[in-house]
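Comments concern the structure below.
The values are calculated or read from the model by the stated rules, or taken from the named source; none is laboratory data. Please read these numbers as outputs of a predicted model, since none were measured by experiment. Ideal geometry is used to build each Cβ from the backbone, glycine not excepted, and the neighbour counts take in all protein chains shown.
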Amino acid sequence: MRGRHAGDQVAAHGHVPARHLRPQQALGGRLRPHPEVGRRLQVLGHRAGLHRAHEALIDGGPAIAVPEGIGVVDTMIGLPSVERRDWQASMSAVLRDEASKAFEHPAGYMFKETPTVAREPDSIDRLLMEMDRFGVERGLVPVTLTDELHVRALAEHPDRLVGSVEVDPNRGSEALRELERAVRDHGVVAAQFFPAGKNPPVPINGKRAYPLYAKCVELDIPVFVQGGVPGPRVPMDSQYPGLVDEVCYDFPELRFVFRHGCEPWVDLTVKLLLKWPNLYYSTTAFAPRYYPEEIVRYANTRGADKVLYGGYYPWGLELERIFAELDGVGFKDEVWPKFLR
């Protein structure tokens, strides 16, 4: 956090059941703005500077600046794990090159600088303070329910932090029972899985993933899935975005959210977003200056309800960088509230 937290943590205002906090339509309906969000931003100046006009051009005109007073919903923000390299426990079996095994981030070669966020007793408060600095009203947090800090964060701050859990389809019914308990006992609102990161990999349309999709429909929760060439040095075939076409056909009720870019098949992804009403795209793991042009164009034309804001803090991107770059994205005025909410 670099020691730059100022002011007291903003107090929680009332209790909203975590089960009902579903960012954007992908999570079952838009979140209503917190009544204090606009006032808090004006008083504390957390979004100061985010409404400056930039010179970037989009579709032949000037970029539209980020409007003030929008309580942001971040579809990927988190707490530090016990150890910086905890990811290795789940991925070491699928990584073959020695350089990757030495990274602090599984795709360490892709990030010049990553946030330095140590695990501390006040990690929850520090996350909330960082969210308040940048007007992030609520966050979808990947959680491990054997981690006391994660469980406590969901229990103590259900109006700010809601959980998603990683599911390994290779574990079959045991993993699905754990997902059910997470939703029932901890208010978890989403499942997630990393196709290329499993051992063995599980293709997006693989038969081992289908019980997970069926369970998500039953529980009325979305599933967030990485698409495109994976950052870690593992084979990419399981994450080809075109595989979701079959999934959407077989599970028309499933809310499926792509994460992590879908590159280099973004044009195909946009066509699939147009085709399937319950398919969404989250901007996770991309600094705003690198948002794919096809996604920005799609949001500005027909896809404002299908493109969701997602950061990547504390794994790869600082919130400070994300919000400093948002002005240059070039979304139209009417797109920003839908994108950020």
Exercise for the section: Using the structure shown, decide if Val266 is among the β-branched types (Val, Ile, Thr) and over 23 Å from Asn170 (Cβ atoms). Expected result: yes
Exercise for the section: Look at Gly228 and say whether it is buried (at least 20 other Cβ atoms within 10 Å of the Cβ) and in contact with an Asp or Glu (Cβ under 6 Å, 6 or more places away or on another chain). Expected result: yes
Exercise for the section: List the number of the failed condition for Leu127; all other conditions in (1) aliphatic (A, V, I, L, M); (2) modelled with pLDDT under 95; (3) assigned to a helix (DSSP H, G or I) hold. Expected result: (2)
Exercise for the section: Any chance you could count how many residues in the stretch 175-220 are surrounded by 15 or more Cβ atoms within 10 Å (Cβ to Cβ), in contact (Cβ under 8 Å) with a residue 40 or more places away in the chain and outside any helix (DSSP H, G or I)? Expected result: 11
